[in-house]
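The structure under discussion appears below in the form of structure tokens.
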Amino acid sequence: MATLEAVPLERQVIDYALARRAILAELSRGQRSAAEVCDAHPDLQRAARYYGEPTDVGCPICRKQRLTRVTYAYGDELQHASGRARSSRSLAGLAARFSQVRIYVVEVCRSCGWNHLCVSFLIGTSVGESANEPGGVPAEGSDVPAFARRSATRESQPHDDHTRRRVAGRARRS
């Protein structure tokens, strides 16, 4: 089982253990049904199968199988890769390469479909107050190497072939 403690510069940690306990208490009192809490989306089940990491914790609902943890990474700098499932081993690389990446860890039972958000946290190279704001850039005096800093004002350029052909076609007609 991978540990989340190995991730460097983990900050703004939100632990959802109390919410998990509340849901399980409501389930045991009959205020919720198992069908309500065992509603894992097929994409989440697929991510658990291919990218999930097994834990030693048994499923609190069906008690048939051990839970699997799925880690998702979100961030503007990730561009098209934002929202993809990742292995926890790749988090150190993301933290070193990007200024801000929000990580979500979800536990999933591949048998009954129980799923719950366990923890979310922020990783990355930004360490200053300005970096905590969306689009913020680390301060010049920070210990972040210059090649790792990203410009917040950099404009996007057309990257796909369809866009390039369209732009080239307009230039020819002018």
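For the reader, a short list of remarks on this structure follows.
- Phi-based couplings in Hz for segment 62-68 (Karplus 6.51, -1.76, 1.60; Gly and Pro marked x): 8, 6, 8, 9, 7, 6, 10
- 3J(HN,Hα) along segment 71-78: 10, 10, 10, 10, x, 4, 5, 6 Hz, from the Karplus curve 6.51 cos²θ - 1.76 cosθ + 1.60 with θ = phi - 60°, whole Hz, x for Gly and Pro.
- Top positive-direction residue, dipole computed over segment 1-111 with Cβ charges, set Val70, Tyr104, Ala34: Ala34
- Arg86 long-range amide H proximity, modeled H, under 5 Å: Thr71, Tyr72, Ala73
- Sequence of Ile123, Ile14 from largest to smallest accessible area, 1.4 Å probe: Ile14, Ile123
- Segment 98-111 - phi-based ³J(HN,Hα) in whole Hz, Karplus 6.51/-1.76/1.60, Gly and Pro as x: 10, 7, 9, 9, 8, 10, 10, 10, 10, 9, 9, 9, 6, 8
- Within the full protein context, the accessible area of Asp76 is estimated at about 150 Å² for a probe radius of 1.4 Å.
The values are calculated or read from the model by the stated rules, or taken from the named source; none is laboratory data. Quick caveat, the model's predicted, so the values are computed rather than measured. Note: ideal-geometry Cβ built from the backbone for every residue, glycine included; neighbour counts use all protein chains shown. Only protein heavy atoms, including side chains, enter the accessible area calculation; ligands, DNA and RNA are left aside. Shrake-Rupley method; radii C 1.70, N 1.55, O 1.52, S 1.80 Å.
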